[in-house]
1. Quick one: length gained pulling D229 to T121 fully straight, 0.36 nm per residue minus the C-alpha distance?
2. Hey, what angle do you get for helix 548-557 against the long axis of the chain, alpha-carbon based, 0 to 90 degrees rounded to 10?
3. Can you tell me the length gained on complete extension of the stretch D607 to T466, counting 0.36 nm per residue apart and subtracting the Cα distance?
4. Determine the percent antiparallel among the DSSP beta bridges restricted to segment 413-583, to the nearest 5.
5. What share of the DSSP beta bridges in the chain is antiparallel, in percent to the nearest 5?
6. Relative to the present Cα-Cα distance, how much length would full extension add between Q786 and K239 at 0.36 nm per residue of separation?
7. Need the list of lysines near K767 for cross-linking: C-alpha distance under 17 angstrom, and skip anything on the same chain fewer than eight residues off.
8. How much FRET efficiency would the formula 1/(1 + (r/R0)^6) give for D766 and N634, where r is the Cβ-Cβ distance and R0 is 56 Å, rounded to 0.05?
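None of the figures in this text is laboratory data; all of them are computed from the coordinates on show. Please read these numbers as outputs of a predicted model, since none were measured by experiment. Glycine also receives a Cβ, built like all others from the backbone with ideal geometry; neighbour counts cover every protein chain displayed.
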Amino acid sequence: MTFTTFTPLLWLLLLAVAGLAYGRSLVDRPSGLKIASFTLRVLGIVLLALALCQPYIRDHSDDAHVVFVVDVSQSVELKSALEALQPIEEGIHQLRTGDSYTLYTLAKGVREQKTPAELRTLLEGWQKGLADDAYRSESRLGDSLLSARLAFPAGKAKRLILFSDGVETDHSVTEALEQLQREDVDVRFVKLGSLDQPEAALVALESTSSFAFQGEMLRLNARVRTNRDMQATVRLLNKGVMVQEKTTSLKAGEEIKVPFDQEMITPGPGVWSAEIVPAQDHFPINNQASLTVNVQGQPRILVLHEKEREMRAIARALKEQDFEVDMRGKRGLPDSMEELLAFDAVVIANFPATDMTTRQMNLLRSYVADFGGGLVMLGSDNSFGLGGYYKTPVEEVLPLVSRYEKEKEKPSLAMVLVMDKSGSMQGEPIALARQAAKSAAELLSARDQIAVIGFDGAAQVVCDMTPASQLGTILAAIDSLEANGGTFMYPAMEAGRDMLERTSAKVKHMICLTDGQTQEADHIGLTQQMADSGITVSTIGLGQGAAADLLQQIAEVGHGRYYESNEAESLPQIFTKETTQASKSATQEGLFPHIQVSEHPMLAGYDADGLPVTLGYVMTEAKPAVQVLLTAENGDPLLAVGRFGLGMGLAYTGDLTEVWGGEWLAWDGCGRFWAQVLRGIVRKMDRQGLDTRSEISEGRWQVRLDRRDENETPLSGLRIEAQALDENGSAFPVQVEETGLGRYAAILPLGTRQHIALRLHDRDHDKLEVRHYHAAYPNEYRLDGQPAAPLTTLASYQPATLTAALPPAFQLRPIASWFAWLALVLLLGGILLRRV
């Protein structure tokens, strides 16, 4: 039992007055009758007060109300909607005396229809060409179901039957069905036939990037669907003028991509459109799609080469293609991110890892991953593994790695690592020395051999001459190397010489590492003996206290190389560079034509057969999930590209100097080809600390902006100004709100606007971001054709069982009259007892 109100219970306060009157009553009656009479009157007053509270009781109801909803949107064949009226009429005839129904049409909302006959007249009129296209342009299933549920009266069981193709445009049917379930509405689904007329749709026009440099070749993909097998012409337009046209074969129910490789010529934001001209068509509204590409001016690149004059020819060719080229030699790599961000790409042409600090390599990695920069490596004696880039942050960015299979005809290598393990090497230096020795061992082939000798005041054989195939044994031995004692390199070199002389390897090499001054001995004489017997010696001086003069003389006499490093972090790069160069197995030289193995906008307009041959290349392997574009005839990668974070890495294992690239430089198309390749990987916009994303929801364009400084710290309290222009050039203000730490949001109502250009300006840091919105045609015309998943799990509908298995229903029955009559009886009883 429930009550509508409890306010009338305040009248019960009068019972206190009645009680006072009873105590002072002069009526001469027996006390029992007197008490009984008073009690009956009190109860009568209480029941009258409760009757005024309008009490109700919950009573089970057998009545039902059925809501029929018929989808009449454009994606539904009208003939199928007409056929749905027959089972609706049959179901209405099954309704009982207390039952009722409501009939709605569904499209861009719901509209009530009085009878099925009225709906039949409407649909037949639409079939004759009088259709309400504005109403039928959407299938707002979720909103319509929630609106239709308002027709259910209280006290009746609820059943809703949806006749639809199940294709929604508001993506809210899941939430609507959950709401109906909570309200005890039983929902049934009957699938209607989709559009039966021949129809083709241009689903979307997409670009590989929303930003490009002037002259860059960008790929634009037109996505097309059809419900019939047919031929269609797809056109690409700019400023209303057709620039490309392709004919394609479409298959029913399949979405295909029609690619257009288009050079971006005009700087600034440009609107590109695609249109489809199908052999057969029903809706013209879905034949076009657009996007905006922001085209910037000249890209600026940094080219690093030990002998920068050797890159002047290609630099000159790139400048003719509107590139700004900054040539730098040794120590030319910037030391700060601010300096790096002045360039849109960095090209490492002939620049070993030993000329970079660990900080610089990490900066390059972040420059690509976090700031969208481009990194290119060209083949040379100082690139990839030869340059010491094995397992470095730079190699992480590149699509090719320095692990290669050594050819059988290459000579076998025996190498001895003579490593300082004196007390001054304790801590990080000895740990990095162990890491460097391991990296060197990993690069050797199974036919090679390696030994490791540590020295302090005496020599200690850490690992005797061991085949590189026993890598586990070698690595475990290297881990045992510990630092202590003095510094005397001669005994270790002598032990290494003896080991090398006993081997039958074709190439014999020694690497000596020390961070101090060794005791006096005839190091030069020993080195000369090794050189005379075919053993080469390279040396590494670590830190300011190393015996630089002695180490340089040893390297010169030993026909090796001398390395000087103030950072222990550089040891792994030095060791891998030395190992690769000593093994003489990382390069191929000869005449190698380019074989194209995959398509990419970088190669648009070029046939691999027409490209110049390369005279040599560095042997590498491709990483998973990267795109190899050109290979040598034996399958070795020559040109590959891959995404890394926000930026791109590109590798060409040949070079662009007279060493291996003479044929390139003599080719008339050299500058244009490489300009096109480089434009594909350069940084498209200065996005340092600025990240935007947008979405369309409920008729609003929501643009969210994250702001961070160079240390990735969120920036709050900024003056972010926003201004929007519609397709008519009319400006309207936009409010930007800070929604979190360093997070800002702008929400724009779309209305009927077809295009919006939104400018977001951080006035405190003079950062600018421009976003564009193009109104797409309604989703109703996209020909997706798949019912929303939640609808497919619903039970179907049969007219004969329209009111069967309904959820229980209850109604509230008023019982105020029961309280009133009982109160009257009690009051009369009280009077009677008082008078008897």
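1. Numbers: separation 108, 0.36 × 108 = 38.88 nm, distance 3.37 nm.
Gain on stretching D229 to T121: 35.5 nm.
2. On a 0 to 90 degree scale, this one is about 70.
3. Numbers: separation 141, 0.36 × 141 = 50.76 nm, distance 4.87 nm.
Full extension from D607 to T466 adds 45.9 nm.
4. On the way: 6 of 31 bridges.
The antiparallel fraction comes to roughly 20 percent.
5. Numbers: 115 of 183 bridges.
Looking only at bridges with both residues in the chain, the antiparallel portion is about 65 percent.
6. Values: separation 547, 0.36 × 547 = 196.92 nm, distance 3.48 nm.
Roughly 193.4 nm would be gained on extension.
7. Filter leaves K684.
8. Values: r = 53 Å, r/R0 = 0.94.
For D766 and N634, the calculated efficiency is 0.60.
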